[in-house]
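Read-outs throughout are calculated quantities, based only on the coordinates presented, and are distinct from any laboratory measurement. What you see is a predicted model; the values in this text were computed from it and never measured. Glycine gets a Cβ as well: all are built from the backbone with ideal geometry, and neighbour counts include every protein chain shown.
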Amino acid sequence: MAVLPPDLRSALDAELGKYPQTRLTQSVERLSSRYRDNSPATAPILSSEVDIAAYAGYRMPATYAAVHAVLAEAALRAPGFAPRTQIDVGGGTGAAIWAAADVWPSLEESTVVEQVPGAIALGRRLAGNAGGKAVRGSNWQRGLIDTAAPAPDADLVTLSYVLGELPEARRADVVRWLSAKAGMLVLIEPGTPGGYERIVEARDQLVGLGLSLVAPCPHEGDCPIPRGKDWCHFSARLPRNGLHRRLKSATLDFEDEKFSYVVASRTAPERAAGRILRHPVKRKGMVSLTLCAESGLTESIVTKRHGTAYRAARDVEWGDAWPGQSPRI
Ligand SMILES: C[S@@+](CC[C@H](N)C(=O)[O-])C[C@H]1O[C@@H](n2cnc3c(N)ncnc32)[C@H](O)[C@@H]1O
């Protein structure tokens, strides 16, 4: 379960406390339906102070959880990677710099580029409460994504939940621009068919540009997911506190954030042999895994007689790497 760092949680609660709950709930309803619509934005979606606070209240915990899950996996696949600098493009209120600082304490300089001044103002206030110096001292730049400007030059470049807001015709140029100087590039989208399509296109483009895939893909061949019928996505569970629950008129005290992603790097990673694409089915004495591997999509049944592999399979989750040799069925 990806829990917001306490310094972020308390700063966020203080910000949300500035608005009546009914105003926040109205904004949440409006924003949820706009984001479900999933079409490129012709004007900034976050347009008022209360919208921005509502976004931070109901979406930031979820995007934080997704980014954190992705970066934690990237850290496993690239154990020697210790980024010092990060640029988060379309950073909103800064979820990705908080997540990165938690995964990589090596970070010293974090920069957020964002078009909406109110998101920058709120993100900066939240960051001011951070215990760690990368977030507390973060730079916030107001700006539009501009592929004619110098490319983001940082050890880690992140673009989380932004590609879908860009016009389709611009996406390939933006991906090329983002990848030009990044040590590691992380792209995250909602775990929907449309989000996956944008990610798989970027993935193929990044391979063509000569970058190495770090995660989730275990190979650089064609993605074996049948396009139009299925989509590669993962899930991060996060707690909902009281206000978060009330903003979403929800009863459960957790939610599952679905996301698609790709991480690519200039240096070769320790790529996983396989990636678990569904919740493993765990029964007495056996675990069934749906895997993406170099050979394509496979179902692997791991039973007690596989010993160590079986014990490992009992502990794995959807989205994990499946490191061992797939046991013969
Ligand atoms: C759905 S929010 C995601 C925010 C943040 N990255 C996160 O994961 O929580 C999309 C953000 O991208 C920003 N954005 C969209 N298009 C942009 C552009 N052309 N230039 C700069 N920022 C942009 C929006 O203003 C918004 O803050």
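Under the definition of Cα pairs under 8 Å and six or more residues apart, what whole-number percent is the relative contact order of segment 6-265? Numbers along the way, then the final one.
Numbers: 464 pairs, mean separation 51.4, N = 260.
The value is 20 percent.
Taking a ≥ b ≥ c as the square roots of the eigenvalues of the Cα gyration tensor of segment 1-83, is the shape rounded (a/c under 1.5), prolate (a/b larger than b/c) or oblate?
Details: a/c = 2.83, a/b = 1.56, b/c = 1.82.
It is oblate, given that a/c is not under 1.5 and a/b is not larger than b/c.
Only helical DSSP H runs with n ≥ 4 go in: add -39500 (n - 2.57) per run for the chain, normalise by residue count and round the 222 nm mean residue ellipticity to 500 deg cm²/dmol. Mind dumping the intermediate values first?
Numbers: 11 runs with 122 residues, N = 329.
The per-residue figure over the chain is -11500 deg cm²/dmol.
Based on the Kirkwood radius over alpha-carbon pairs, what value in µm²/s does the Stokes-Einstein equation return for the translational diffusion coefficient of segment 208-329 at 37 °C and 0.692 mPa s?
Value of D from the Cα-based Kirkwood radius: 202 µm²/s.
Quick query: amide H of Tyr161 versus all other amide H atoms, modeled in the peptide plane; which residues come in under 5 Å with a sequence gap of 5 or more or a different chain?
Ile188, Glu189
Mind checking which lysines have their Cα closer than 18 Å to the Cα of Lys284? Skip sequence neighbours fewer than 8 apart in that chain.
Excluding near neighbours in sequence, the set is Lys304.
Just how large is the dipole of the chain about the Cα centre, in debye to the nearest 20, putting +1 at every Lys and Arg Cβ and -1 at every Asp and Glu Cβ? Walk me through the numbers before you get to the answer.
Values: 40 positive and 36 negative charges, 203 e Å.
Dipole about the Cα centre, nearest 20: 980 debye.
Want the number for Ala41 to Arg278: 0.36 nm per residue separation, take away the alpha-carbon distance, what's left? Spell out each step's value before the answer.
Values: separation 237, 0.36 × 237 = 85.32 nm, distance 3.16 nm.
Stretched fully, the Ala41-Arg278 segment lengthens by 82.2 nm.
So which lysines can Lys248 reach, going by Cα to Cα under 28 Å and dropping same-chain residues fewer than 8 places off?
Lys18, Lys258
Once phi is turned into θ = phi - 60°, what whole-Hz ³J(HN,Hα) does the Karplus curve with 6.51, -1.76 and 1.60 give for every residue of segment 271-279, x standing for Gly and Pro?
Using θ = phi - 60°, the values come out as 5, 5, 6, x, 10, 7, 9, 9, 4 Hz.
³J(HN,Hα) across segment 41-54 via Karplus (A = 6.51, B = -1.76, C = 1.60, θ = phi - 60°), whole Hz, x for Gly/Pro?
Listing the rounded values in order: 8, 9, 9, x, 6, 7, 10, 10, 4, 6, 4, 5, 5, 5 Hz.
Please give the peptides 16-26, 188-198 ranked by average Cβ packing (other Cβ atoms within 10 Å per residue), highest first, as a rough proxy for protection.
Working: 16-26: 13.9, 188-198: 20.5.
Going by the mean number of other Cβ atoms within 10 Å, highest first, we get 188-198, 16-26.
Bin width 10 Å, origin at 0, all Cα-Cα pairs of the chain: what percent of pairs per bin?
In order of increasing distance, the bins hold 6, 26, 34, 23, 9, 1 percent.
Kindly write out, for segment 225-230 in residue order, the coupling ³J(HN,Hα) from the Karplus curve 6.51 cos²θ - 1.76 cosθ + 1.60 (θ = phi - 60°), rounded to whole Hz, with x marking Gly and Pro.
Rounded to whole hertz, the list is 5, x, 4, x, 10, 8.
How much length would be gained if the chain were fully extended between Ser295 and Arg266, taking 0.36 nm per residue of separation minus their Cα-Cα distance, in nm to one decimal? Don't skip to the end; give the middle numbers.
On the way: separation 29, 0.36 × 29 = 10.44 nm, distance 2.44 nm.
Working it through step by step, the gained length comes to 8.0 nm.
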